[in-house]
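Chemist: One structure coming up, written as structure tokens, with questions to follow.
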Amino acid sequence: MPRSSVRRVATALGHRLIILGFTAFAVFPFYWMVVTTFKQNSDLYVGAANTAHNPFIFNRPPTLEHLQTLFEQTLYLTWLVNTLLVGALVVAITLLLAVPAGYSLARLTGRWGERLSIGIFLTYLIPSTLLVHSRSRAWSRSSGFRTPCGPWSSSTRPSPCPSAPGSSWASSSRCPRRSRSRPWSTAAAGRLRSGAMVLPLAVPGILTVVIFALTLVVQEFVYSLTFISSVQRMTVSVGVPVALIRGDVYYWGSLMAACVITSLPLAILYNFFLDRFIAGFTVGAVQ
Amino acid sequence: MFTLVSQVAVITLGNILARALMKTFRGKSVVRLLILMPWAAPISLATLGWLWIFDSTFSVINWVLKVVGWLGPGQWYYWLGDTTLGMIAIITIHVWRMLPFSTVILLAGLTSIPQEVHEAADIDGAGPFAKAFQVTLPMMLPILTVAVLFGVVFTFTDMSVVYLLTRGGPYNSTHVLASLAYQDGVLGGDVGRGAAVAIFLVPVLVVMAILMLRASRRAEVA
């Protein structure tokens with residue numbers, strides 16, 4: 001076989017191995033979650049020291065009992081609804097704040113524009129635990145926690161803090177430069193520019209904001225853990241570990257079922273909008 | 001240290017993966033969806049998945065190591081009960097979580113470099129290293145900054161991985177500033193101490209972020 005053919009085959013093989021290796025690394029925890037979800041307890045709780053028992057496959061018939069536990073004995077569906085509600089509110093508030101902020105930042109040329117953009121980004125470097133400290137006392141004094149919507153509002157209120165700066169940053173980079181620099185002078189022209197020109201052109205940025213804010217809400221852990229004590233008002237990321245880890249007892253089957261069911265739709269949503277999301281995040285750097 | 005090690009690993013591995021994903025191959029969209037899953041999954045729930053993988057009794061990693069003969073009779077890895085293994089576990093989760101984000105951002109940067117630039121470098125006789133360090137890297141600097149900064153932010157400010165995986169143990173050896181601040185400030189009730197812990201590294205990070213953002217802006221303008 002000629003040397004060039006050998007090299008080509010080796011390159012193709014190396015490429016496949018790299019892709020396969022990284023995909024396996026990314027997917028393995030999810031595979032493990034799925035297998036755990038449908039395994040019987042007697043197939044699940046066999047010590048890893050027993051090498052004769054292969055944990056990667058079903059040694060006994062699959063079961064739905066862990067899913068039954070999750071849906072019938074926990075408030076998983078309520079937590080999902082809570083998460084979506086908080087997510088929708090946060091996205092709405094974030095858009096309300098970030099789109100005008102991003103537009104203003106994009107129009108603010110010169111040193112101050114750059115300084116303000118950097119300043120907004122720097123707020124991300126403050127750990128959220130610090131924000132928790134400053135609010136935990138103030139909110140615990142208020143009666144907010146005792147009202148039916150209190151826990152929701154308490155997890156909604158801090159959420160725009162992490163999502164809004166990044167969203168302003170993303171949307172500012174998506175405001176088209178050409179439309180920003182055109183010499184519009186009248187108020188009517190300004191309105192026309194905002195409504196008819198800038199908004200449609202900034203759609204990738206706005207979409208980035210929506211996905212970014214929604215992801216941060218679903219991923220959010222510390223605020224919900226600190227501020228919500230009522231199990232009924234919890235979001236998924238806190239409700240699942242709180243309800244399915246009881247002391248030293250871990251309901252692994254149901255825990256893994258909750259992880260898979262929550263993660264898969266988000267991954268598909270992300271994949272659907274990925275190109276626009278990346279464009280919104282990186283356009284300032286790659287244009 | 002968690003942030004530094006995981007970011008070096010994420011950027012290095014992200015570069016390799018992004019270059020591999022630049023090529024066209026069958027099933028690319030499926031691979032992209034699968035690789036993206038760790039980033040989309042809620043981190044607290046994903047950490048629970050890893051907690052099960054690293055379980056002291058049922059760890060599938062230990063089973064594999066036993067089967068391949070790495071662990072002899074009487075040998076056992078207590079992943080979350082040992083300082084070094086606990087740190088490896090936490091870094092692994094951060095790398096697993098951040099790798100997709102960095103990869104897609106770096107992929108966007110790599111595809112934005114015009115083919116003519118590579119062709120011009122080839123004509124000038126540039127080798128693979130010269131092309132990588134004198135052409136690709138400088139042109140990737142702004143986007144690399146975005147990837148590193150967001151990676152640092154997400155890793156440095158996150159406490160859920162440590163909180164759910166090790167609770168800072170054994171003997172507080174795997175705490176990060178965010179989890180220690182939560183333990184001292186919220187659980188311990190010492191708000192002042194918690195706040196001091198939380199902002200301890202912020203001045204250093206602020207200076208670093210400003211320098212990186214300025215450098216990337218300069219590279220962008222140039």
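Chemist: Can you tell which of A:207, A:269, A:244, A:199 is open to solvent by 20 Å² or more (accessible area, probe 1.4 Å), at the interface with chain B (Cβ under 9 Å from one of its Cβ atoms) and modelled with pLDDT of 65 or more?
Modeler: Within the list A:207, A:269, A:244, A:199, the selection yields A:269.
Chemist: I'd like to check something: does the stretch B:159-171 contain any residue that is in contact (Cβ under 8 Å) with a residue 40 or more places away in the chain, aromatic (Phe, Trp, Tyr), more than 27 Å from residue A:212 (Cα to Cα) and more than 11 Å from chain A (Cβ to nearest Cβ)?
Modeler: There is at least one residue in the stretch B:159-171 that is in contact (Cβ under 8 Å) with a residue 40 or more places away in the chain, aromatic (Phe, Trp, Tyr), more than 27 Å from residue A:212 (Cα to Cα) and more than 11 Å from chain A (Cβ to nearest Cβ).
Chemist: May I pose another question? State which residue is farthest from residue A:70 (Cα to Cα) when the search covers only the stretch A:1-43 and only residues that are small (Gly, Ala, Ser) and within 11 Å of chain B (Cβ to nearest Cβ).
Modeler: By that ranking, first place goes to A:12.
Chemist: Quick one: which of B:85, B:137, B:106 is within 13 Å of residue B:18 (Cα to Cα) and in a helix (DSSP H, G or I)?
Modeler: Unique residue meeting the criteria: B:106.
Chemist: A follow-up question, please. All but one of (1) within 16 Å of the chain's Cα centre (by Cα); (2) more than 9 Å from every other protein chain (Cβ to nearest Cβ) hold for residue B:38; state the number of the condition that does not hold.
Modeler: (2)
Chemist: Additional query: Within the stretch B:123-176, track down each residue that is surrounded by 19 or more Cβ atoms within 10 Å (Cβ to Cβ) and small (Gly, Ala, Ser).
Modeler: Result: B:147, B:151, B:160, B:168.
Chemist: Only residues that are facing chain A (nearest Cβ under 10 Å), part of a loop (DSSP other than H, G, I, E, B) and of a type outside the set (A, V, I, L, M, F, W, C): list them for the stretch B:9-25, please.
Modeler: Result: B:23, single match.
Chemist: Restricting attention to the stretch A:45-63, and to residues there that are within 8 Å of chain B (Cβ to nearest Cβ) and either part of a helix (DSSP H, G or I) or open to solvent by less than 50 Å² (accessible area, probe 1.4 Å) (or both), which single residue is nearest to residue B:102 (Cα to Cα)?
Modeler: A:55
Chemist: Only one residue in A:92, A:101 is of a type in the set (Gly, Ala, Ser), more than 9 Å from chain B (Cβ to nearest Cβ) and open to solvent by less than 40 Å² (accessible area, probe 1.4 Å), so which one is that?
Modeler: A:101
Chemist: Scan the stretch B:172-213 residue by residue and report those that are touching a Leu at 6+ places or on another chain (Cβ under 7 Å), touching a residue at least 40 places away in the same chain (Cβ under 8 Å) and part of a loop (DSSP other than H, G, I, E, B).
Modeler: Selection gives B:201 alone.
Chemist: Out of everything in the stretch B:81-93 that is hydrophobic (A, V, I, L, M, F, W, C) and open to solvent by less than 40 Å² (accessible area, probe 1.4 Å), what residue ends up being farthest from the chain's Cα centre (by Cα)?
Modeler: B:85
The values are calculated or read from the model by the stated rules, or taken from the named source; none is laboratory data. Remember, predicted model here, so these are calculated numbers, not experimental data. Cβ atoms come from the backbone with ideal geometry, glycine included; neighbour counts cover every protein chain shown. With ligands, DNA and RNA removed, areas are computed over all heavy atoms of the protein, side chains included. Shrake-Rupley method; radii C 1.70, N 1.55, O 1.52, S 1.80 Å.
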